[in-house]
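So the structure is just underneath, and the comments pick up after that.
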Amino acid sequence: MTSMGKPPAALDGTGGPWPMDPERGPARGELAMDESSGRMGVVLRPGAGRVALRALTGGDRWEAAAAAVRLPTPRERLSARIAIVNGRWGK
């Protein structure tokens, strides 16, 4: 907790302080959060200016500006894992 009584951003689920490393960028297969659309996806094609992402359960792909892509918070990662498991249920 901070002195103001609020948890740090990394713990409260509102966004992490971890932008993608501009030197490395997101790696292929890594989970990433697209801040511009509010969607999380799997990195298909990292790039200097644009990053190609795919929805967690497959299907549609989209591109986002590399500056708008960040690592997901622990809460967002958990939600992603639940979405993946729910997508497999009954198959």
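The values are calculated or read from the model by the stated rules, or taken from the named source; none is laboratory data. Every value quoted in this text rests on a predicted model; they were computed, and no experiment measured them. Counting neighbours? That spans all protein chains shown, and the Cβs are built from the backbone with ideal geometry, glycine included. Side chains included, ligands, DNA and RNA excluded: accessible areas come from the protein's heavy atoms. Shrake-Rupley method; radii C 1.70, N 1.55, O 1.52, S 1.80 Å.
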Selection from region 38-91 of residues that are among the acidic types (D, E) and in a strand (DSSP E or B): E63
Close pairs from region 42-61: first closer than 18 Å to R81 by Cβ, partner part of a loop (DSSP other than H, G, I, E, B), Cβ under 6 Å, at least 6 apart: V43/P26; V43/R28; V43/E30
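Please determine whether any residue of region 23-39 is over 13 Å from the mean Cα position of the chain (by Cα) and modelled with pLDDT under 90.
There is at least one residue in region 23-39 that is over 13 Å from the mean Cα position of the chain (by Cα) and modelled with pLDDT under 90.
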Output for region 22-49, where each listed residue is more than 19 Å from R75 (Cβ to Cβ), surrounded by 15 or more Cβ atoms within 10 Å (Cβ to Cβ) and basic (K, R): none
Some residue of region 59-78 being of a type in the set (A, V, I, L, M) and open to solvent by 80 Å² or more (accessible area, probe 1.4 Å): yes
Test for L53: is it in contact with a strand residue (DSSP E or B) (Cβ under 6 Å, 6 or more places away or on another chain) and open to solvent by 40 Å² or more (accessible area, probe 1.4 Å): no
